[in-house]
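Novice: Structure provided below as structure tokens; questions to follow.
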Amino acid sequence: MLKHIKQHMYQCQTCCQSFSFMRDLGRHIKKIHEPPPYPCSICEFKSNSKCILKDHFIRKHTSGFRYTCTVCKKQFKIKSDLKQHMNYVHTGESSNICSICGHICKTTRAMKAHMKYRHYKSAYECKICKRSLTSQKNLDQHLIWHQRKREVVCPTCGKIFGQTRDLNLHLKIHQGIRPFSCPICGHTFHRKTAQEQHIMIHTGKRPYVCDICDQTFAQRTVLNSHRKRHPGSLPPLPVVSIKKIIQDFMQELKVSLTQQQDKITSDS
């Protein structure tokens, strides 16, 4: 039972999928739920990689063909596309290179599937969260999930939650329960994430950087408020992990307290 429970220690708040390790949950959120941080300045293409975005821009939005196949004289804009062409076409295998992201498919059918699910907007879009689904059946099931989500309501203030666990955490606010305290100043919090953001003030570190003016901040909420002062639409912020900063700070604090205690003991 304990071994089984460990599989559900870390749960995604968006789709309720569970993971054994925090790093796996982090990878899942970054890959599935977070929008790609690098958008194309001309079209709607977005990528998680600057290199992929650069290649996309060259393929779709430039006109120069710098590389030519020595066998069939076919021309390419990117050297890696020429290399992939040589490996697949002139080794007896068929090749299809996506003109948007450079992905390789061995068959035309696979390429059509790739274009459909990766680059073409689905006709089945959720009106609530704008998520795209591949079929009406999947959309209907997704809407049922939204319906169940609405049923988890706080009886005190009426706030809506995605699952009972979130509601139970929220109820602690109405009950006055603040189980997470700051080891430095003793300030208490309802949630561990709020406690960690507060501790960042004591660390002296400023890991949150404004992508417009490079000003740094200790807390994400302060950075969000600051970014609103910049005009125009802004891209989503990248995820910044503060776990390691807090762990190192707490370790240093523990060592410091131990040394102080040893000194008091030796003086007495």
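Novice: From the list Arg150, Arg109, which one is within 30 Å of Glu44 (Cα to Cα), at pLDDT below 70, part of a helix (DSSP H, G or I) and not assigned by TED's automatic domain parsing to the domain that holds Gln11?
Specialist: After ruling out the rest, the residue left standing is Arg109.
Novice: Regarding the range 252-260, can at least one residue be identified that is in the same structural domain as Pro207 (by TED's automatic domain parsing), modelled with pLDDT of 80 or more, exposed (fewer than 11 other Cβ atoms within 10 Å of the Cβ) and under 24 Å from Ala194 (Cβ atoms)?
Specialist: Checked against the condition, which is being in the same structural domain as Pro207 (by TED's automatic domain parsing), modelled with pLDDT of 80 or more, exposed (fewer than 11 other Cβ atoms within 10 Å of the Cβ) and under 24 Å from Ala194 (Cβ atoms), the range 252-260 yields no hits at all.
Novice: I'd like to check something: does the range 160-179 contain any residue that is small (Gly, Ala, Ser), modelled with pLDDT under 85 and more than 30 Å from Pro39 (Cα to Cα)?
Specialist: Yes, because at least one residue in the range 160-179 is small (Gly, Ala, Ser), modelled with pLDDT under 85 and more than 30 Å from Pro39 (Cα to Cα).
Novice: Quick one: in the range 184-214, which of the residues that are in a loop (DSSP other than H, G, I, E, B) and either among the aliphatic types (A, V, I, L, M) or assigned by TED's automatic domain parsing to the domain that holds Ile144 (or both) is farthest from Asp248 (Cα to Cα)?
Specialist: By that ranking, first place goes to Ile212.
The values are calculated or read from the model by the stated rules, or taken from the named source; none is laboratory data. In this text, all values refer to a predicted model and were calculated from it rather than measured experimentally. Using ideal geometry, Cβ is built from the backbone for each residue, glycine included, and neighbour counts are taken over all protein chains shown.
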